[in-house]
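Just so it is clear, none of the values below were taken in a lab; they were calculated from the coordinates. Quick caveat: nothing in here was measured; it's all calculated off a predicted structure. Positions of Cβ are generated from backbone atoms using ideal geometry, with glycine treated the same way; all protein chains shown enter the neighbour counts.
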Amino acid sequence: MKRLALIFAALLLSINTLSAQSLDYVKIKAFVDMNIDAFPKSTLQDIYKSFYQAVYGPEHLVTDSAKVIAYIEEELKQDFDNKFPTVQYLGISDKFVRVNLDIIGAEETRISTEMLADCFMRSSQTKGDMPIEEFRSQWRLVVDYIISSDIQLDNFSQDSLYIESILAQGQYVWVHSPQYKAEYKPHYRVVTKEIFEQVIFPELRAFSRVRPRPANAF
């Protein structure tokens with residue numbers, strides 16, 4: 001009887017473990033597939049940056065509104081690419097959203113530089129609280145999925161080793177790869193999903209009709 005109870009307990013633990021792994025797998029598969037579908041030229045470096053932003057949000061706490069506005073205005077002078085989504089929900093934590101700067105001053109919207117800057121600054125005060133060890137474990141599941149799915153990414157081995165080395169040093173942040181920048185010309189700010197849906201989304205309903213988006217983007 002005692003043996004049967006132990007077997008049952010072990011089976012229950014195994015089921016719970018598989019359920020947790022399945023949940024991780026579902027989230028990670030959706031996250032990787034979304035990024036590859038939207039940005040086929042991505043490298044592991046770019047997927048890592050998206051993963052970081054999905055977990056922790058904006059890279060830095062920002063408090064100087066004049067500088068934030070000035071940086072946005074400077075970026076608005078640069079080239080934009082219609083391939084980049086107007087909005088990208090980052091997934092994983094379901095807390096953060098990328099907002100393309102080209103919504104500023106777009107036809108049929110009232111989104112200003114100051115409005116987006118304010119959303120970005122308030123969002124920078126909201127940080128994911130995942131410990132670095134858990135972050136590293138989750139990131140390894142992302143890498144494992146990419147390998148097991150035979151997803152071919154340029155510079156994969158070098159990027160993987162380098163990311164592991166910076167995580168081992170307790171560092172997180174990284175930039176987009178040169179080929180990603182050349183292909184997609186990313187100009188965006190990361191804001192919380194809550195702030196996006198309260199402030200920005202109401203203004204995008206008309207904009208989404210003006211500028212058609214790819215099927216896998218907003």
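Most tightly packed first, judged by the mean number of other beta-carbon atoms within 10 Å of their residues, the peptides 165-176, 24-35 read 24-35, 165-176. Taking a straight line from the alpha carbon of Lys181, these lysines sit under 28 Å away, with near neighbours fewer than eight places off in the same chain left out: Lys27, Lys29, Lys41, Lys49, Lys67, Lys77, Lys83, Lys95, Lys127, Lys193. Length gained on full extension, Gln152 to Glu133: 4.2 nm, using 0.36 nm per residue less the C-alpha separation. Estimated at 0.36 nm per residue, the fully extended path between Phe201 and Leu141 surpasses their Cα-Cα distance by 18.4 nm.
Taking amide hydrogens as placed 1.01 Å from N in the peptide plane, the amide H of Asn155 sits under 5 Å from that of no residue at least 5 positions away in sequence or on another chain.
Per-residue packing, averaged as other Cβ atoms within 10 Å, sorts the ranges 142-152, 178-188 into the order 178-188, 142-152, beginning with the highest. Each peptide among 192-203, 46-57, 113-124 gets the average number of other Cβ atoms lying within 10 Å of its residues, and from highest to lowest they stand as 46-57, 113-124, 192-203. For Tyr188, the residues whose amide H sits under 5 Å from its own are Leu101, ignoring neighbours fewer than 5 places away on the same chain, with H placed 1.01 Å from N.
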